[in-house]
Amino acid sequence: MDNTFLIGSFKQLLTLQNLPIKGALRDDDLEILDNGGLYIKNGLIEEVGNWGVLNQMLSPDIQRVDIDENSICLPSYIDCHTHIAFGGNRANDFAMRNAGRSYLEIAESGGGIWSTVQHTRACSQEEQEELILERAYQLLQQGITTIEVKSGYGLSIEEELKTLRAIQKAHQHSSVDLIATCLSAHIKPKDFDGTSEQYLQKIAHELFPILQAENLCHRIDAFVEKSAFSAQEILPYLQKAQALGFDITIHADQFTTSGSQVAINLGALSADHLEASGYIEIQNLANSNVVAVALPAASLGLGCDFTPARKLLDAGASLAIATDWNPGSAPMGQLITSASIFATMQKLSNAEILAGITFRAAKALGLADRGRLQKGYLADFVLYQTNHYQQIIYQQGRLQPSEVWKNGQRIFNK
Ligand code: NIG
Ligand code: FE
């Protein structure tokens, strides 16, 4: 399809242009164009402006795509933290936790991350690809066109490769962008005969070169936590990854602190979770360029505190919001619903939520080509049939996109 056209007119067009990467935002800061239009050229945004003006300016030869005038348009969303490459489910963990059972009791009865590792290993690469594509489609219907996907339920060289190859294949067969991350440092696998350091050394030594040779991913993640890897254990592993040119992201301060400082010291792209971060961690994150990624669906899944987003933003940090979709802590997989609840609990503005799932989430993935509607950016956008953008967060997920566009192509139409 020729993807050069003028699309509009939109009752409201939210560009998110000119908003800063860091710090608190007010809804008054949002640029809202009434009767807006987008001129798309070869899948990129060429002009953003008033539809009438653009219509007059552009040659009649250029295709017009007319939109119901009761529609609003904004950049499509970016889910910068998911674990959608998993087999099985953990409904029993969820029920046990709500019945008051401890983490240890759940693990002893066959639950926890290790149970998902076994279910994921039991899936072939093709089955994993199918599961990823199915879940990516559910996210696409919510208006998400870039999805980060982690490995981390394989936990051996071969099994991690299987998952990362499944993510690569799913990306090739999907209309959205899937960004792979290697989370081999999720936990030390129960069947590894050796210390945590030996496990990490083996991954770094044997897996990292294959990731590069097969171009499977450019990002390395680690779970820095008492039940996973200590700050001390993880440091040489992440330094090795950085020396090879990988970007770093960290599961940090989920239950205990230390991970966010590792992220800051290494200049990681993001530090994710942060439910346990206190005053010092918040100040240090705010003084860094690390994006703080909040995962409210994990707080809702586990029944624990939310990431201190209000304090992070007021201190000057950059805050992104993601689903963390995984079978253990965050089975919801609903970005707008979880972000809207987060907004009420942390007193976040619409602008802060929308920034957190668009250009600030792009920053967490090291991407500078998406998340705003401005010249030169990807023509990735979402439409809603409503008369005001406030309806999106207000309806807490009930209002769903009427259309989703990626690289100037309509990829979803309700
Ligand atoms: O982001 N915190 C570590 N990893 C996941 C949970 C993984 C699981 O329980 O399966 C998370 O919440
Ligand atoms: Fe996670």
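Structural remarks
- Here the range 78-364 has 51 percent of its accessible surface on carbon and sulfur atoms, given a 1.4 Å probe and all protein chains in place.
- Relative to the 2.2 N^0.38 Å rule of thumb, the range 261-301 has a C-alpha radius of gyration ratio of 1.15.
- Separation of the Q390 and K414 label points, Cα + 7 Å toward Cβ, nm: 2.0 nm
- Candidates G152, G371, G245: whichever shows maximal mean-square fluctuation once the chain is modelled as a Gaussian network with Cα springs under 10 Å: G245
- Space enclosed by the convex hull of the alpha-carbon atoms of the range 183-288, per residue, Å³: 90 Å³
- The residues of the range 237-287 expose, per residue, 36 Å² of accessible area to a 1.4 Å probe.
- Pair-distance distribution P(r) for the range 131-240, from all Cα-Cα distances in 10 Å bins starting at 0: 15, 44, 28, 12, 1 percent.
- When each of the peptides 98-107, 287-296, 65-74 is scored by the mean number of other C-beta atoms lying within 10 Å of its residues, the order from highest to lowest reads 287-296, 65-74, 98-107.
- Gaussian network model of the chain, springs between alpha carbon atoms under 10 Å - residue of A343, A24, A122 with greatest fluctuation: A122
- Dimensions of the range 1-87 along the principal axes, based on C-alpha atoms and rounded to the nearest Å, stand at 49, 38, 23, largest first.
- Entries in K240/K311; K22/K375; K150/K406; K150/K311; K188/K347 that, when Cα-Cα distance is taken, lie over 26 Å: K240/K311; K150/K311; K188/K347
- Mean projected area in nm² (Cα convex hull; one quarter of hull surface) for the range 287-401: 7.8 nm²
- Build a GNM of the chain with springs between Cα atoms under 10 Å apart, and of S299, S109, S196 the one that fluctuates most is S109.
- Averaging the sequence gap over all C-alpha pairs within less than 8 Å and six or more residues apart, then dividing by the number of residues, gives the range 351-397 a relative contact order of 20 percent.
- Relative contact order of the chain, pairs being alpha-carbon contacts under 8 Å that are 6 or more residues apart, as %: 20 percent
- Distance histogram in 5 Å bins (all Cα pairs of the range 225-379, percent per bin): 2, 10, 19, 22, 21, 15, 8, 3, 1, 0
- With both labels modelled 7 Å from their Cα along Cα-to-Cβ, the Q201 to A243 distance reads 1.4 nm.
- Coil-residue trypsin sites (Lys or Arg not before Pro) of the range 315-406, DSSP, other Cβ within 10 Å capped at 14: K347, K375, R398
- Rotationally averaged projected area of the chain (alpha carbon convex hull; nm²): 19.2 nm²
The values are calculated or read from the model by the stated rules, or taken from the named source; none is laboratory data. What you are looking at is a predicted structure, and each value in this text was computed from that prediction instead of being measured. Because the Cβ atoms are built from the backbone with ideal geometry, glycine has one as well, and the counts that use them run over all protein chains shown. Surface accessibility is based on the protein's heavy atoms, side chains included, excluding ligands, DNA and RNA. Shrake-Rupley method; radii C 1.70, N 1.55, O 1.52, S 1.80 Å.
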